[in-house]
Amino acid sequence: MKMSNMLISTLREVPAEAEILSHQLMLRAGMMRKLASGVYNFMPLGLRVLRKIEDVVREEMDNAGAQEFLASALLPSELWKESGRWEVFGPEMFKLKDRNEREFCLGPTHEEVFTDIARNEIKSYKQLPVNLYQIQTKYRDERRPRFGVMRSREFIMKDAYSFDKDFDGLDISYEKMYNAYTNVFRRCSLECKAVAADSGAMGGSGSAEFMVKSEIGEDEIAFCTSCDYAANVEKAPSSPEISAKEEMKELQKIETPNVGTIEQLMNFFNTSADKFAKTIIYNVDGKIVAVMVRGDREVNEVKVTNALGGAIEFEMADEKTVYNATSAKIGFAGPIGIKVDYLFVDNEVANMYNFIVGANDTGYHYSNVNYGRDFEGTVGDFRNVIEGEKCPKCGKPLTLARGIEVGHIFKLGTKYSDAMGATFADENGENKPLVMGCYGIGINRTMASIIEQHHDENGIVWPLAVAPYQVVVIPAVSKNENQMKAAEKIYEQLRKIGVDALLDDRNERAGVKFKDADLMGIPIRITVGKKIDEGFVEFKLRDKEEVETINVDSVIDNVREVYKINGLVL
Ligand code: ATP
Ligand code: MG
């Protein structure tokens, strides 16, 4: 591509709307532009990167024996009503009606559609296993779109669905996808870890998320410091700290005016946070749910959701709801006499002695509270694991890190095939439900994650495999005929051997051209300057400081060498 013909939209300033680096750099390098909250246009340069990532994904899916398919993004409500998800999906689903009042949605995911295809097309065990995938646009009305394409409302996903005759077959299909995902992210130069994930209340038997370690990640991951255990904090089981046994003392109601937070309580009672149990009240699909955890712990909403058998809307209760449940202001909730639909009590709280809770009376707390004697509820694991907690696999300490989920693989089992009657005839002619798996990769989120891991103060540093263009040839002075001719020749030679090359033939100063090339993150830069008169050009890699002066005749060999080092063939 000749840059004089290109729509170049680089920005020198950091756009105020962008909080994180990948978002800033995607805007500054002219990769994309915002159209509405969580909705983006991809500019030519950005689209090339998306396509390169898609190509890697496509190759790995094909290698794993999956077959490409393309479903519609406009989906009739009937399918979703069959699976029961028309209501369950909640406000994240974009719903619409056609001119005849028939209901549709813009597909947020495609389990129903692929199950429908399978029930129509797959009749016999002889057709199994099958794995179908697509690379397609998804729509989700996210509660909080943010960080550019990291969490947008329209995004491209590769989603695959496997169909097997039994669970052993599913294990094999799942492992093939696990390996394919590992290859995809390695080829995109993304440092990534597969972690055990929550499979939801109605979920299947296994699930893993591919996480990119990053400060800006919205997920928290627990890793073992000594074995290979890694799990999303949503899922990681906590190991309760068992308090030392004490004699149960007499329950006491104590006046605690203007004392509501754990901090204030610790000062007031002159004791530590582990002597308190807090009672947090939620509104879950119209039901009032109270959850008790130790004063220094956090409620794990996913664990609570699973205990409820699933939830669509999960929010903190408002002041009025809290008042109805406790007859008190926020800050004085407790388990004794509380009026809620569910009371969940974390394991640790059930094992504490003589602790302090809110008295459901504004300005009062109870002390010397004991589970079993003073109140009862559903006891279980309802809190997040913490740094240093015991690994559930080997008992050594866990450490926590933030991560960005770029991919997710999931054993669905027969959840959808049962609901939608997707069966096949087995070897004995008996009808059995198809055993399914589903596998997603966020293409745009992968792109943004690569930038999070590969950038410097001058811009993006694309790995060769996904760079929009791999080489930029820069004549230092475009008006100099010798330089321009030599640059054009190199550019043509590169194109001939299949390199995606740019020729910066714009009438700009060399400094401007270098700045743009760096910002766009082009991996190889070849500068044709004064030394061309002696047959030399400059060769520089985006991720290295050094500028090499090389003979113009060895340019192609040098480029080939860089490809080879990066595991790519030319
Ligand atoms: P999250 O927890 O981040 O909302 P999810 O569990 O809803 O993700 P899946 O339904 O498993 O995501 O979708 C598969 C992949 O699609 C995710 O791993 C992620 O890479 C991508 N993805 C999901 N939601 C978005 C979004 N709003 N914007 C961009 N990519 C997304
Ligand atoms: Mg989501």
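Put simply, of 499, 472 the only residue that is out of contact with any Phe, Trp or Tyr (no Cβ under 7 Å at 6 or more places or on another chain), part of a strand (DSSP E or B) and either touching a residue at least 24 places away in the same chain (Cβ under 8 Å) or more than 16 Å from ligand 1 (Cβ to nearest atom) (or both) is 472.
State whether the residues of segment 529-536 include one that is open to solvent by 20 Å² or more (accessible area, probe 1.4 Å), β-branched (Val, Ile, Thr) and in contact (Cβ under 8 Å) with a residue 24 or more places away in the chain. Yes, that holds for at least one residue. The residue that is least open to solvent (accessible area, probe 1.4 Å), counting only those in segment 480-523 that are among the basic types (Lys, Arg) and over 21 Å from residue 535 (Cβ atoms), is 513.
Here residue 78 clears all of (1) of a type outside the set (Ser, Thr, Tyr); (2) within 16 Å of ligand 1 (Cβ to nearest atom); (3) not in a loop (DSSP other than H, G, I, E, B) except the condition numbered (2).
Within segment 90-117, the set of residues being farther than 30 Å from residue 127 by Cβ and either of a type in the set (Lys, Arg) or within 16 Å of ligand 1 (Cβ to nearest atom) (or both) comprises 90, 91, 92, 93, 94, 95, 97, 99, 102, 106.
Of the residues that make up segment 134-141, is at least one more than 16 Å from ligand 1 (Cβ to nearest atom) and either open to solvent by 30 Å² or more (accessible area, probe 1.4 Å) or in the same structural domain as residue 416 (by TED's automatic domain parsing) (or both)? No.
Of the residues making up segment 66-82, those that are out of contact with any Gly (no Cβ under 7 Å at 6 or more places or on another chain) and either more than 27 Å from residue 421 (Cα to Cα) or surrounded by 14 or more Cβ atoms within 10 Å (Cβ to Cβ) (or both) are 66, 69, 71, 76, 77, 79, 80, 82. Among the conditions (1) outside the structural domain of residue 220 (by TED's automatic domain parsing); (2) free of Cβ contacts under 8 Å to residues at least 60 places away in the same chain, the only one that residue 346 does not satisfy is (2). Residues in segment 25-51 that are charged (D, E, K, R) and in a helix (DSSP H, G or I): 28, 48, 51. Annotation: residue 261 fulfils all but one of (1) open to solvent by less than 60 Å² (accessible area, probe 1.4 Å); (2) within 20 Å of residue 367 (Cβ to Cβ); (3) among the polar types (S, T, N, Q); the unmet one is (1).
Conditions tested, residue by residue: (1) open to solvent by less than 50 Å² (accessible area, probe 1.4 Å); (2) out of contact with any Lys or Arg (no Cβ under 9 Å at 6 or more places or on another chain).
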| site | (1), (2) |
| --- | --- |
| 339 | no, yes |
| 365 | yes, no |
| 369 | yes, yes |
| 379 | no, yes |
| 390 | no, no |
| 402 | no, no |
| 405 | yes, no |
| 410 | yes, yes |
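The number of residues in segment 300-323 that are over 15 Å from residue 235 (Cβ atoms), in contact (Cβ under 8 Å) with a residue 24 or more places away in the chain and open to solvent by 20 Å² or more (accessible area, probe 1.4 Å) comes to 11. Mind checking which residues of segment 142-162 are open to solvent by 20 Å² or more (accessible area, probe 1.4 Å), among the acidic types (Asp, Glu) and either away from ligand 1 (no atom under 13 Å from the Cβ) or assigned to a strand (DSSP E or B) (or both)? Scanning segment 142-162 gives a single hit, 154.
Of all residues in segment 122-142, those that are more than 11 Å from residue 152 (Cβ to Cβ) have Cβ atoms under 9 Å from Cβ atoms of residues that are of a type in the set (S, T, N, Q) and within 16 Å of ligand 1 (Cβ to nearest atom), 6 or more apart or on another chain, in 129/162; 130/162; 131/162; 132/162. Summed over segment 106-133, residues that are buried (at least 19 other Cβ atoms within 10 Å of the Cβ) and of a type in the set (Lys, Arg) total 1. Scanning segment 1-49 for residues that are among the aromatic types (Phe, Trp, Tyr) and at positive phi yields no hits at all.
The values are calculated or read from the model by the stated rules, or taken from the named source; none is laboratory data. Computed from a predicted model, the values in this text were never measured in an experiment. No Cβ is skipped: glycine too gets one built from the backbone with ideal geometry, and neighbour counts run over all protein chains shown. Note: accessible area is taken over every heavy atom of the protein model, side chains too, but ligands, DNA and RNA are not part of it. Shrake-Rupley method; radii C 1.70, N 1.55, O 1.52, S 1.80 Å.
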